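One structure is given here, and the rest of the page talks about it.
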């Protein structure tokens, strides 16, 4: 099974990723790639993913600011991780040499060529940092607006009705307990990107039964997913939860249960998901519409502001990508890519030898 997730994304508190636990574990050996933009980190990971995908399950983790670029690859049978260890997702070895290894791609660039473009590189890096900071501010404001929607609508959520429905639904779907408790892990399926708020829908192709939680206010779908995750775990199923990072990871958007091929995904003001062959669950039935009526204007204003902030964040991230491309151009012409190919082959050989 080939899976695609995001490595993480920007929250109101800064960049967040759940891969740190795997990178620092003793069960996997991690190759931490260091080097600037354009040094071939993503290309190297893509080559390794393509090579090993023929014989084992591979999970690809993409960059939230540029979903065309890989940030990490996990080879499950080989128990190996290859990850971009540069900012904003800085990784360093916890058990150097025995569980993690730094691969310095800066060793293969031409210092003299980079020094010739010194001022251009510095100017571009500073501009990129400024644009990314502006995008982070937009995301923080967007998170505040979404929190207001959640909080306002959540006051009028019929929790008893929702809980009763969710438990009946899960009892029918999951069946009896298997006598053990399932594990929980976090995977980032949706984040804010330069293309807007994006969900890696290709991963959903791995699931036979997809349930689309149609929710304009976040609160009902979050509550349903929490109940469904708890019910699945209590019956012995491992679950993957995908939080919305704009809420600082406190609100869940998606739930994946691999063993039975079931996925619950939210169609909310951010994701705006529309999945083919998905069974739609109308979450509006769990809100008291009469009590919400006096707050209709507030919620509509929030919705308008959210759409504007999504667009502003997208524009900032898109502008940052253009500057990032300029930075890459300086490093690409200074890199020895033949040497990089040899590094790729060397890593592959080490993984196969373990």
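Of note:
- Residue count for the stretch 59-79 under the criterion of being under 16 Å from the mean Cα position of the chain (by Cα) and assigned to a strand (DSSP E or B): the result is 9.
- Screening residue 253 against (1) assigned to a strand (DSSP E or B); (2) loosely packed, with under 15 Cβ neighbours inside 10 Å leaves a single unmet condition, (2).
- Contacts under 6 angstrom Cβ, first residue in the stretch 191-213 being in the same structural domain as residue 325 (by TED's automatic domain parsing), partner in a loop (DSSP other than H, G, I, E, B) and modelled with pLDDT of 95 or more, 6 or more apart: 197/270; 199/189; 199/271; 200/189; 207/261; 208/261
- The number of residues in the stretch 262-300 being without any contact (Cβ under 8 Å) to a residue 60 or more places away in the chain and crowded, with 17+ Cβ neighbours inside 10 Å comes to 5.
- Residue in the stretch 21-33 that is surrounded by fewer than 20 Cβ atoms within 10 Å (Cβ to Cβ), assigned by TED's automatic domain parsing to the domain that holds residue 349 and in a helix (DSSP H, G or I) present: yes
- Any chance residue 247 is in contact with a strand residue (DSSP E or B) (Cβ under 7 Å, 6 or more places away or on another chain), surrounded by 18 or more Cβ atoms within 10 Å (Cβ to Cβ) and within 20 Å of residue 188 (Cβ to Cβ): no
- Residue match in the stretch 267-277 (condition: farther than 14 Å from residue 150 by Cβ, under 19 Å from the mean Cα position of the chain (by Cα) and not in a loop (DSSP other than H, G, I, E, B)): yes
- Of the residues making up the stretch 215-231, those that are touching a helix residue (DSSP H, G or I) at 6+ places or on another chain (Cβ under 6 Å) and closer than 25 Å to residue 9 by Cβ are 215, 217, 218, 219, 220, 221, 223, 224, 228.
- Filtering the stretch 326-354 to residues that are farther than 19 Å from residue 45 by Cβ and surrounded by fewer than 17 Cβ atoms within 10 Å (Cβ to Cβ) leaves 329, 333, 353.
- Restricting 82, 149 to those that are in contact (Cβ under 8 Å) with a residue 60 or more places away in the chain and either assigned to a helix (DSSP H, G or I) or surrounded by fewer than 20 Cβ atoms within 10 Å (Cβ to Cβ) (or both) reduces the list to 149.
- Of all residues in the stretch 34-46 being on the phi < 0 side of the Ramachandran plot and surrounded by 19 or more Cβ atoms within 10 Å (Cβ to Cβ), the one that is modelled with the lowest pLDDT: 36
- Test: residue in the stretch 312-331 that is closer than 30 Å to residue 75 by Cβ, part of a helix (DSSP H, G or I) and over 25 Å from the mean Cα position of the chain (by Cα): yes
The values are calculated or read from the model by the stated rules, or taken from the named source; none is laboratory data. All values derive from a computational prediction rather than experimental measurement. Virtual Cβ from ideal backbone geometry, glycine too; neighbours counted across all protein chains shown.
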